[in-house]
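The values are calculated or read from the model by the stated rules, or taken from the named source; none is laboratory data. Note that the coordinates shown come from a computational prediction; the quantities given were computed from them, not determined experimentally. Note: accessible area is taken over every heavy atom of the protein model, side chains too, but ligands, DNA and RNA are not part of it. Shrake-Rupley method; radii C 1.70, N 1.55, O 1.52, S 1.80 Å.
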Amino acid sequence: MDTSLERIREKIAELDAKIADLRIAERELQALEKAPARSTKTAVGRKPKIKPEASEEPEARQTIGAAIIEVLGQQGALSVADIAEQIKATGRDISNRTVSFSLQALKKRGLAKGADGKWTLPKSGSRRARS
């Protein structure tokens, strides 16, 4: 029995050591959590510099959509590849995939419609886009 009691006491001592290590780790994590809270307050001052960059992305998407609407308004029904070629002719670097995603977004908004691989402006959508 002495051997069993000794083993149990050794296990208890090991567990106590692990608990002590975990408490130290807990204190270190708490100290680290307090430090970023201070740094996020300083980062708040930097956010206005980041916000204009973030707001430029949606404008770029709108510009692509506007270019697509303009091409469809001038040329009529076109395929994705033809729309991309027309936009590339204006000097923009754009892929067929980008045009396809933009067309899907325009379709969801009711500003474009696709049939048989050709995309057009809906009659009511072309009035909304121009006004």
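Select from segment 70-95 the residues that are β-branched (Val, Ile, Thr) and part of a loop (DSSP other than H, G, I, E, B) and write down the one among them that is modelled with the highest pLDDT. Step through it out loud before you land on a result.
Pass one, segment 70-95, residues β-branched (Val, Ile, Thr): 71, 80, 83, 87, 90, 94.
Still in the list and also part of a loop (DSSP other than H, G, I, E, B): 90, 94.
Details: 90: 81, 94: 84.
Among those that are β-branched (Val, Ile, Thr) and part of a loop (DSSP other than H, G, I, E, B), it is 94.
Kindly indicate whether any position in segment 96-108 is open to solvent by 40 Å² or more (accessible area, probe 1.4 Å) and part of a loop (DSSP other than H, G, I, E, B). Full working, then the answer.
Filtering segment 96-108 for residues open to solvent by 40 Å² or more (accessible area, probe 1.4 Å) gives 96-98, 100-101, 104-105, 107-108.
With part of a loop (DSSP other than H, G, I, E, B) added as a condition, the list becomes none.
For segment 96-108, residues open to solvent by 40 Å² or more (accessible area, probe 1.4 Å) and part of a loop (DSSP other than H, G, I, E, B): absent.
Taking the criterion of being assigned to a helix (DSSP H, G or I) and at pLDDT 90 or above, would at least one residue in segment 23-46 satisfy it?
From segment 23-46, those assigned to a helix (DSSP H, G or I) are 23-46; that's our starting set.
Next, only the ones that are at pLDDT 90 or above stay: 23.
Yes, some residue in segment 23-46 is assigned to a helix (DSSP H, G or I) and at pLDDT 90 or above.
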